[in-house]
């Protein structure tokens, strides 16, 4: 920690003058995911925060009453790069199955193509959103998918042909009304 201020007073400097460290102030306090050594406070977000877990270099923690705002990585670059996509969902690493495709080392950003306040991503009807959206490959072999809201999709003339059960277990044969080419 570079600096710690309370009521705009430099706590680290004041404590140093009286030879007290932050670890001394915390004493034997046992909070899962929080460790104090000398004047450093270490936060283990894997233990401190509930799932899903975020991995990355922690660059800033702010308390904006009543919330704690945690920033990872180079937020200025990330904000500039993604400010055009006010609603998005980024998936990284691991394996993802969608439709007949499987992606290992996942690198997908699903971007709300509308300008409204909410990302209208429907996991049951996501295939229709993908089909009517725009997909492009990134230079790192990832995908950027611009997805329309459900109410922006053209009306379907046939009932939804893909069930949630088939999406969960694609070892089953496809539904009879799914065209096979």
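Since every read-out is calculated from the coordinates, none of them should be taken as a lab result. Quantities reported herein were computed from a predicted structural model and do not represent experimental measurements. As a convention, Cβ positions derive from the backbone with ideal geometry for all residues, glycine included, and neighbour counts pool all protein chains shown.
Points worth noting:
- The range 85-168 - convex hull of alpha carbons, volume per residue in Å³: 100 Å³
- Additional length obtainable on full extension of the chain from residue 153 to residue 51, 0.36 nm per residue less Cα span: 33.5 nm
- Rounded to the nearest 0.05, the FRET efficiency derived from the C-beta distance between residue 20 and residue 67 at R0 = 35 Å is 0.75.
- Between the beta carbons of residue 117 and residue 89, assuming R0 = 22 Å, the FRET efficiency works out to 0.90 to the nearest 0.05.
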